[in-house]
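Chemist: Can you keep this structure in mind? I'll have questions shortly.
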Amino acid sequence: MCVSPGERLKLIIMNLNEEINKEFSRYQEDFILFTEKGNKSAGTRARKSLMNISKLCKEIRKEIQGEKNS
């Protein structure tokens, strides 16, 4: 199956977007545990989720930039 560059980019971004949504859901759960219940380890997990979201956003940006420049 041959996929055009535009379709390839769309698939990559859709997958990364799905990962971001899952990570954000994890972040929200841990943030609530940290703020409402005082669970300190949930605060650590929330920060880790935010870092992962940041990395995924950079990955999406890199893919878009690469497609733009090709």
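The values are calculated or read from the model by the stated rules, or taken from the named source; none is laboratory data. Just so we're clear, the structure is a prediction, and the values are computed from it rather than from any experiment. Counting neighbours? That spans all protein chains shown, and the Cβs are built from the backbone with ideal geometry, glycine included. Areas reflect the complete protein model, heavy atoms only, side chains present, ligands, DNA and RNA absent. Shrake-Rupley method; radii C 1.70, N 1.55, O 1.52, S 1.80 Å.
Chemist: Identify the residue in the stretch 45-70 that is more than 12 Å from ARG26 (Cα to Cα) and either β-branched (Val, Ile, Thr) or in contact with a strand residue (DSSP E or B) (Cβ under 8 Å, 6 or more places away or on another chain) (or both) and, among all such residues, is modelled with the lowest pLDDT.
Modeler: ILE64
Chemist: Test SER49 against the stated conditions and say whether it is open to solvent by less than 50 Å² (accessible area, probe 1.4 Å) and either of a type outside the set (A, V, I, L, M) or in contact (Cβ under 8 Å) with a residue 24 or more places away in the chain (or both). Before the answer, list the steps.
Modeler: Details: open to solvent by less than 50 Å² (accessible area, probe 1.4 Å): yes; either of a type outside the set (A, V, I, L, M) or in contact (Cβ under 8 Å) with a residue 24 or more places away in the chain (or both): yes.
In short, yes.
Chemist: Here is a follow-up. Search the stretch 20-35 for residues that are free of Cβ contacts under 8 Å to residues at least 40 places away in the same chain and pair each with any residue that is open to solvent by less than 70 Å² (accessible area, probe 1.4 Å) and polar (S, T, N, Q) when their beta-carbon atoms are under 7 Å apart and the residues are at least 6 apart or on different chains.
Modeler: Matching pairs, first to second residue: GLU23/SER49; GLU23/ASN52; ARG26/SER49; TYR27/SER49; ASP30/SER49; LEU33/ASN39.
Chemist: Can you name the residue in the stretch 6-35 that is more than 15 Å from the chain's Cα centre (by Cα) and either among the small types (Gly, Ala, Ser) or at pLDDT 95 or above (or both) and is also least open to solvent (accessible area, probe 1.4 Å) among such residues?
Modeler: Restricting attention to the stretch 6-35, the residues satisfying the condition of being more than 15 Å from the chain's Cα centre (by Cα) are 6-10, 29-35.
Checking the rest, the ones that are also either among the small types (Gly, Ala, Ser) or at pLDDT 95 or above (or both) come to 6, 29-35.
On the way: GLY6: 43, GLU29: 118, ASP30: 20, PHE31: 91, ILE32: 82, LEU33: 59, PHE34: 93, THR35: 74 Å².
Ranking the candidates gives ASP30 first.
Chemist: Can you tell me which residues in the stretch 19-70 are among the polar types (S, T, N, Q) and within 21 Å of PRO5 (Cα to Cα)?
Modeler: Residues of the stretch 19-70 among the polar types (S, T, N, Q): 21, 25, 28, 35, 39, 41, 44, 49, 52, 54, 65, 69-70.
GLN65, ASN69, SER70 - these are the residues of the stretch 19-70 that are among the polar types (S, T, N, Q) and within 21 Å of PRO5 (Cα to Cα).
Chemist: Just to be sure, is GLY38 open to solvent by less than 90 Å² (accessible area, probe 1.4 Å) and in contact with a helix residue (DSSP H, G or I) (Cβ under 6 Å, 6 or more places away or on another chain)?
Modeler: Numbers: open to solvent by less than 90 Å² (accessible area, probe 1.4 Å): yes; in contact with a helix residue (DSSP H, G or I) (Cβ under 6 Å, 6 or more places away or on another chain): no.
Answer is no for this residue.
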